[in-house]
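Visitor: Handing you a structure now.
The values are calculated or read from the model by the stated rules, or taken from the named source; none is laboratory data. As the structure is a prediction and not an experimental result, all values here were calculated from the model. In this analysis, Cβ positions are derived from the backbone assuming ideal geometry, glycine residues included, and neighbour counts consider all displayed protein chains. For accessibility, only protein heavy atoms count, side chains too; no ligands or nucleic acids. Shrake-Rupley method; radii C 1.70, N 1.55, O 1.52, S 1.80 Å.
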Amino acid sequence: MDAARQRLDEWKARMESHAADLAAANEELASVKATYQDPNGVVTITVDSSGNLTDLVLSTRVQRQAPEETARQIKDALAAAKRQAAQLTSEVAARRFGADSPTTKALTDYARSGLDPEES
């Protein structure tokens with residue numbers, strides 16, 4: 001009976017440690033932000049760890065260019081910021097769970113799911 005109780009206590013300790021690791025990783029992932037500014041400094045985009053747009057800043061130079069150019073800059077900047085966020089998410093997961101862990105793979109796959117196939 002004592003051996004069984006000891007195994008249960010060890011299992012419980014591992015599960016509590018894993019839960020604490022998950023909570024810490026979740027907190028760190030929640031703070032991941034990626035910001036990209038286009039080379040001309042016209043468009044600056046920030047996304048969260050999931051690639052969701054959190055901020056878009058346009059310089060006054062947008063008034064001196066064609067709307068199509070601004071649209072292209074926004075799309076390009078968004079794609080670049082999403083790639084950065086996916087990379088940061090992957091780095092956090094690898095640091096927390098190990099580069100080869102299933103958790104890291106799942107988080108990395110999710111972070112890259114919003115990218116165009118040729119970008120991931």
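Visitor: Which value results when the Cα radius of gyration for the stretch 22-120 is divided by 2.2 N^0.38 Å? Present the calculation step by step, with values, prior to reporting the outcome.
Guide: Details: Rg = 15.2 Å, N = 99, 2.2 N^0.38 = 12.6 Å.
In units of the globular-protein estimate, the stretch 22-120 measures up at 1.21.
Visitor: A further question follows. In whole percent, how big is the carbon plus sulfur part of the accessible area of the chain, probe 1.4 Å, protein atoms only? The partial results should precede the final answer.
Guide: Details: 4140 of 7960 Å².
That share works out to 52 percent.
Visitor: Quick check for you: with a 1.4 Å probe and neighbouring chains kept, what is the accessible area per residue of the chain, in Å²?
Guide: Per residue, the chain has an accessible area of 66 Å².
Visitor: Cut-off under 18 Å on the C-alpha distance; same-chain residues fewer than 8 positions from LYS33 excluded. Which lysines are left, in chain and number order?
Guide: LYS75, LYS82
Visitor: With charges set only on the Cβ (+1 for Lys and Arg, -1 for Asp and Glu), what does the dipole of the stretch 63-120 come to about its Cα centre, in debye to the nearest 20? Walk me through the intermediate numbers first.
Guide: Values: 9 positive and 9 negative charges, 49 e Å.
In total the dipole reaches around 240 debye.
Visitor: Specify the angular offset, from 0 to 90 degrees and rounded to the nearest 10, of the alpha carbon long axis of helix 102-112 from the longest principal axis of the alpha carbons in the chain.
Guide: 10 degrees
Visitor: Follow-up question, since we're still on this one. Along the positive direction of the dipole of the stretch 22-119 (beta-carbon charges: Lys, Arg +1; Asp, Glu -1; about the Cα centre), which of ASN40, GLY98, ALA25 reaches farthest?
Guide: Of ASN40, GLY98, ALA25, it is ASN40.
Visitor: Further question on the same structure: Short version: ³J(HN,Hα) in whole Hz for each residue of the stretch 82-99, in order, from phi by Karplus 6.51 cos²θ - 1.76 cosθ + 1.60 (θ = phi - 60°), x for Gly and Pro, what are they?
Guide: Result, rounded to whole Hz: 5, 4, 4, 5, 4, 5, 4, 4, 4, 5, 4, 4, 5, 5, 7, 10, x, 4.
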